[in-house]
Amino acid sequence: MSRPYRVHVKSFGCQMNVYDSHRMADTLAPAGYAETPEAAGADLVILNTCHIREKAADKVYSEIGRVRVMKEEAAAQGRRMVIAVAGCVAQAEGEEIIRRAAAVDLVVGSQNYHRLPDLLARVQAGEQVVDTEFPVDDKFDALAAPRTDAIRERGISAFVTVQEGCDKFCTFCVVPYTRGAEVSRPVGKIVAEVEHLAEAGVREVTLIGQNVNAYHGQDADGRPATLGKLLRRLSDVPGIVRLRYMTSHPRDMADDLIAAHGDLPALMPYVHLPVQSGSDRVLAAMNRRHTRQEYLDVIARLRKSRIDLAFTSDFIVGFPDETEDDFRATLTLVEEVGFATAYSFIYSPRPGTPAAEMDGQVPPQEKSERLQRLQAVITRQWRAFNAQSIGRTIDVLLEKPGKLSGQLVGRTPYLQTVQMMAPRLLIGSVVPVMITEVGTNTLFGALAEQPIAPEFAAAGA
Ligand code: SF4
């Protein structure tokens with residue numbers, strides 16, 4: 001072939017899928033695949049799917065239909081396009097995908113994508129391949145390290161998966177079935193990956209996992225390390241100025257993780273801590289394994305550790321048998337905590353989960369009405385949280401050029417986007433910014449003083 005193969009990876013769903021998509025591209029690079037932002041014209045299209053939302057599988061099939069048209073057009077031009085389905089829908093549906101969509105050449109589960117080069121060789125030889133077994137080998141060991149140019153293209157913030165899977169079995173959730181049991185990567189391998197990212201200009205790392213604070217990866221002494229310990233180790237990596245982690249479970253918020261928030265300036269004071277409901281009755285039916293008061297106690301302990309901590313959360317409204325009183329308990333919990341923002345969803349049954357079989361499904365209209373009431377409170381809190389930034393000087397990590405000439409875009413410790421005029425060489429620096437205005441989705445500000453240029457030149461700087 002006179003040109004490299006072109007691979008387009010389309011990512012759906014959470015940050016873990018975004019990370020997986022990057023790692024798929026990294027793993028295919030040594031096999032001669034270059035990433036392309038467009039599906040049309042690609043030799044390989046990978047749909048990295050998500051199973052968390054309602055009708056996820058239906059959406060994947062309609063996406064396959066769209067790509068199939070491109071595959072037919074490519075064939076008419078004498079080119080072969082391979083279609084692969086990866087991620088959680090691939091894991092859950094397996095063979096069924098190829099039965100329903102013959103245009104698909106390869107189905108690869110979330111634990112198997114390190115085998116992509118071999119699987120694609122089998123596809124090139126004429127096979128239709130399904131690989132969704134949970135393997136005994138560690139996929140992270142087999143993945144190629146990201147190339148420096150790919151890291152730079154992806155920007156100064158990176159995700160790193162440190163943990164996968166979940167043993168909690170909340171009754172509404174498919175993750176324990178699609179991602180399997182909790183597995184943590186060893187400390188040394190995570191540190192090496194973060195050092196590699198930092199050398200290429202990454203300044204901010206978000207550690208991700210379905211249950212990230214259940215992390216228990218092996219340390220150099222052979223014993224399991226906690227997430228708090230891992231964060232302490234990563235805060236020493238030269239070049240890394242900001243650390244974050246998500247998504248946490250309230251039960252796994254251990255003392256040393258809470259203490260890390262007080263001790264590590266690099267650990268951002270912004271914690272995503274899903275609670276789902278404020279009613280003990282609903283929390284028990286969800287099998288969340290904590291009460292409302294236990295959740296509030298965790299919040300209080302975190303706030304004691306670092307006073308400027310802000311919280312976000314996830315809520316499900318209209319869980320089976322949720323009464324008006326249960327829902328009001330959710331509203332009072334939101335008022336009591338005061339979130340920076342929160343994500344709220346209407347409950348919808350996921351096939352194969354216990355909650356899907358529960359009696360007392362709440363009528364759709366009631367669910368919508370409750371969602372609107374909850375979102376009104378969350379939106380009020382979100383606006384108030386943003387408004388309190390006006391007139392304050394806040395540290396902003398400058399990420400990239402803005403739309404206007406001379407403008408840069410960065411983020412506060414609370415992930416608020418900030419736009420300001422600043423020299424491009426400051427990309428990758430943390431600078432003090434006086435916030436002057438709050439827009440709908442962004443803050444506006446001005447450099448508070450002339451900062452020092454970054455020690456590590458970042459992508460595009
Ligand atoms: S803890 Fe999170 S990932 Fe695990 S089952 Fe519950 S909702 Fe799903």
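The values are calculated or read from the model by the stated rules, or taken from the named source; none is laboratory data. Just so it is clear, the model here is predicted, and its values are computed rather than measured. Every residue, glycine among them, receives a Cβ derived from its backbone with ideal geometry; neighbour counts consider all protein chains shown. For accessibility, only protein heavy atoms count, side chains too; no ligands or nucleic acids. Shrake-Rupley method; radii C 1.70, N 1.55, O 1.52, S 1.80 Å.
Structure notes:
- Under the condition of being among the basic types (K, R) and crowded, with 18+ Cβ neighbours inside 10 Å, the residues counted in segment 77-130 number 1.
- Scanning segment 1-38 for residues that are crowded, with 21+ Cβ neighbours inside 10 Å and not in a helix (DSSP H, G or I) yields V7, H8, V9, S11, F12, Y33.
Table: residues versus (1) within 16 Å of the ligand (Cβ to nearest atom); (2) touching a His at 6+ places or on another chain (Cβ under 8 Å).
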position: T178; (1), (2): yes, yes
position: V187; (1), (2): no, no
position: I190; (1), (2): no, no
position: E193; (1), (2): no, no
position: L197; (1), (2): no, no
position: E204; (1), (2): no, no
position: I208; (1), (2): yes, no
position: Y215; (1), (2): yes, no
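- Residue match in segment 270-277 (condition: closer than 20 Å to T341 by Cβ, surrounded by fewer than 19 Cβ atoms within 10 Å (Cβ to Cβ), hydrophobic (A, V, I, L, M, F, W, C) and without any contact (Cβ under 8 Å) to a residue 60 or more places away in the chain): no
- Criterion applied to A284, A355 was being within 14 Å of the ligand (Cβ to nearest atom), more than 23 Å from Y414 (Cβ to Cβ), among the hydrophobic types (A, V, I, L, M, F, W, C) and open to solvent by less than 10 Å² (accessible area, probe 1.4 Å), and the one residue passing it is A355.
- Looking at Y295, Y270, just one residue is touching a strand residue (DSSP E or B) at 6+ places or on another chain (Cβ under 6 Å) and not β-branched (V, I, T), and that residue is Y270.
- For segment 131-170, a residue qualifies if it is surrounded by 14 or more Cβ atoms within 10 Å (Cβ to Cβ), within 16 Å of the ligand (Cβ to nearest atom) and of a type in the set (D, E, K, R), and the qualifying residues are E164, K168.
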